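See below for the structure under consideration.
The values are calculated or read from the model by the stated rules, or taken from the named source; none is laboratory data. None of these values were measured; they are calculated from a predicted model. Neighbour counts are summed over all protein chains in view; Cβ atoms, including those assigned to glycine, are modelled from backbone coordinates with ideal geometry. Note: accessible area is taken over every heavy atom of the protein model, side chains too, but ligands, DNA and RNA are not part of it. Shrake-Rupley method; radii C 1.70, N 1.55, O 1.52, S 1.80 Å.
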Amino acid sequence: RIQSVTATPDLSTLLFAVGHGDNAQDGTSLLALPTTSLWENRHQLKPLTSEFAALSSLVTHLQDALDLAERHWSEGLRTLDIKLELLNNLLRDYACEASAREVFLSLVLSGVACPALNQYLSQNGSEPQQHNLFRLSKTIDDKAASVESLLREQVGRVAEMVVFHASKLRGLARMGDAYRAVGLSARALSSLVDAAVNLSLKAEEALRQVQE
C-alpha cells in the first residue's frame with residue numbers, strides 16, 4: 001500500500017513510501033522512480049491509467065457494499081437475540097443444540113418450527129405478542145431482502161467487473177517487456193483475478209443461503 005509520494009527538489013525522481021501491511025510495525029519500503037521513465041513509457045501508461053482508476057473505484061464500491069451488508073445482517077440478528085431470550089431457555093429445556101436465532105430464522109426462511117418454538121409461540125399467543133412476533137419476522141425478512149439485493153447487485157456484479165478489468169491488465173502484462181517495464185505484473189494480476197472470482201462465488205453461495 002502506498003503511504004506517501006514525494007519528489008526530489010530537482011523533480012528528477014519520485015519517492016514512494018510503500019507499507020508492507022495495515023500496521024506501522026509491518027514496515028515500509030522506499031521506491032525511487034525516475035520521472036524520465038514516465039515520459040519514455042507514456043504510451044504504455046495511458047491505457048493503464050483508466051484501467052487502474054476503474055479498478056480502484058470498483059474495489060472501493062465492493063468494500064462499502066460488503067460493510068453495508070454486514071451491518072444490515074448484524075442489526076437484524078441483534079434485534080432477534082434481544083427478543084428471543086425466553087426461547088433460548090425453552091431450547092435448553094428441550095436439550096436442543098440450536099440457538100433461538102437459528103430456529104427463528106428457520107421459521108422465517110423455511111416455515112419450519114421446532115417443538116420448543118411451537119411451545120414458545122403457544123405460550124405467547126396473545127394478540128399483542130403475536131403482533132410483536134409478526135413485526136420481528138418482518139424486520140428479519142426486510143434485512144434478509146436488503147442483504148440479498150446487496151449481494152446480487154453490489155457485490156456479485158461488481159466482482160465480475162473487477163475480473164473483467166484485471167483480466168485486461170493481465171493481458172497487457174503478458175504482451176512483453178513494454179508493460180513489464182512500468183511495473184505491470186501478470187502474476188500479481190492473476191492473484192487479483194482469482195480473488196475477485198472467489199469473491200463472486202462466495203457472494204453467490206451467500207445469496208443462496210439467504211434465499212433458503
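Taking the stated definitions as given, is HIS72 within 21 Å of GLU205 (Cα to Cα), touching a helix residue (DSSP H, G or I) at 6+ places or on another chain (Cβ under 7 Å) and modelled with pLDDT of 80 or more? Spelling it out, HIS72 is indeed within 21 Å of GLU205 (Cα to Cα), touching a helix residue (DSSP H, G or I) at 6+ places or on another chain (Cβ under 7 Å) and modelled with pLDDT of 80 or more.
If the condition is being touching a residue at least 12 places away in the same chain (Cβ under 8 Å), part of a helix (DSSP H, G or I) and either open to solvent by 40 Å² or more (accessible area, probe 1.4 Å) or among the aromatic types (Phe, Trp, Tyr) (or both), then the stretch 91-106 contributes ASP93, ARG101, PHE104. Within the stretch 144-162, restricting attention to residues that are of a type outside the set (A, V, I, L, M) and open to solvent by 50 Å² or more (accessible area, probe 1.4 Å), the residue that is nearest to ALA203 (Cα to Cα) is ARG152. In this structure, ARG42 qualifies as among the basic types (Lys, Arg) and under 30 Å from MET161 (Cα atoms). Within the stretch 55-78, is there a residue that is buried (at least 16 other Cβ atoms within 10 Å of the Cβ) and among the basic types (Lys, Arg)? No; the residues of the stretch 55-78 include none that is buried (at least 16 other Cβ atoms within 10 Å of the Cβ) and among the basic types (Lys, Arg). For the stretch 180-206, a tally of residues being at pLDDT 85 or above and of a type in the set (D, E, K, R) returns 2.
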